[in-house]
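For reference, the structure is listed below as structure tokens.
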Amino acid sequence: MDNLVAYSLLAVYSAMGVYTVAFVLFTLDLARRSAAAPASRIARPAASLVGGSGVVAVEGDAARPGSVAVIEKPAAESDAEPSEPTGATRYQRAAYALTVIGWLLHFAAVVTRGIAAARVPWVNMFEFGLTATAMGMGVFLLVTLWKDVRYLGAYITGFTLLALGIVTVNFYVDVVPLPPALQSAWLVIHVLVASLATGFFAIGAGLSIMQLLRTRAAARGAEGLRFLQTLPGASTLESLAYRVNVVGFVFWTFTLMAGAIWAERAWGRYWGWDTKEVWTFIIWTLFAGYIHARATRGWRGSRSAWLAIIGFSAVIFNFTVVNLFFKGLHAYSGL
């Protein structure tokens with residue numbers, strides 16, 4: 001068992017090393033896109049009316065009565081946003097390949113930890129962090145088979161690397177037996193779907209962040225981060241984020257239901273207003289509101305993006321602050 005635990009840690013550190021290189025390459029790809037992105041022409045107001053005289057003044061030309069000015073639409077209002085990102089660079093291809101290798105090492109760390117413990121590897125904060133980040137990275141790789149979202153590579157590798165580093169350095173504990181309340185098949189179901197939901201919410205938040213940046217870039221024209229001009233348009237990013245978050249919401253709904261059933265089996269009640277239970281419901285409410293408001297109230301653009309980001313922030317708060325600083329029946333940090 002000790003050998004497997006050591007191999008698991010070795011695989012964790014190896015995955016972190018590979019993710020680091022992938023993060024650097026994804027960042028270099030964004031930097032090269034910024035350097036190569038053509039500067040957008042920002043049209044100045046081409047004409048102005050002189051009050052009540054019927055004279056149109058054309059920039060760069062003498063004002064002539066009855067002349068017609070052709071007014072170019074400003075860049076912020078342009079409809080010529082790309083619907084798909086530009087082709088992958090060699091940095092992006094190399095970074096993506098390294099991300100796959102890093103995920104295989106990451107997955108091996110999860111499996112060897114589970115074999116060493118002779119149970120599922122997610123009964124404390126270290127193990128859940130290890131498994132949930134592997135799930136999140138797996139969701140990213142899965143989504144790229146559906147849509148090319150490799151432009152999120154720097155975000156997802158950076159987030160995974162940071163989370164892995166924190167849980168490994170601060171929350172690591174040795175393999176311990178299961179507490180009696182966790183000795184249930186619902187442990188597998190409940191935490192598995194929660195991890196999947198977290199992965200989808202993480203991708204949705206990344207797309208929403210890109211949407212906000214893309215909207216700002218469109219408003220400012222050539223100023224700011226020019227690589228954003230190579231990404232899909234803000235409406236496309238918003239649509240992708242919505243679809244991903246809907247999948248995450250389905251998994252989170254099942255997480256809430258499975259948790260209630262498990263609570264009845266373990267403690268004799270479906271709901272007890274435990275801190276963890278309350279925050280799980282708050283997260284469900286946030287994403288239910290996000291889906292409902294976008295579908296029926298016309299909440300589009302920045303408002304829906306911010307709501308998705310707030311929802312994912314609540315997930316992170318639930319895993320970190322609630323686990324560390326609140327007491328309750330769900331206090332399984334292992335620390």
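A few notes on this one:
- Residue count for the stretch 5-17, restricted to those that are farther than 14 Å from VAL167 by Cβ and surrounded by 16 or more Cβ atoms within 10 Å (Cβ to Cβ): 4.
- For THR236, the criteria (1) over 16 Å from LEU212 (Cα atoms); (2) in a helix (DSSP H, G or I) hold in every case but one, which is (1).
- Within the stretch 277-308, being surrounded by fewer than 18 Cβ atoms within 10 Å (Cβ to Cβ), within 18 Å of LEU212 (Cβ to Cβ) and either touching a residue at least 24 places away in the same chain (Cβ under 8 Å) or not assigned by TED's automatic domain parsing to the domain that holds VAL250 (or both) holds for ARG300, GLY301, SER302, TRP306.
- For ARG220, the conditions (1) more than 19 Å from the chain's Cα centre (by Cα); (2) closer than 30 Å to PHE325 by Cβ; (3) not β-branched (Val, Ile, Thr) are fulfilled apart from (2).
The values are calculated or read from the model by the stated rules, or taken from the named source; none is laboratory data. Keep in mind that this is a model prediction, so the values were computed, not measured. All Cβ positions, glycine included, derive from the backbone under ideal geometry; neighbour counts span all protein chains shown.
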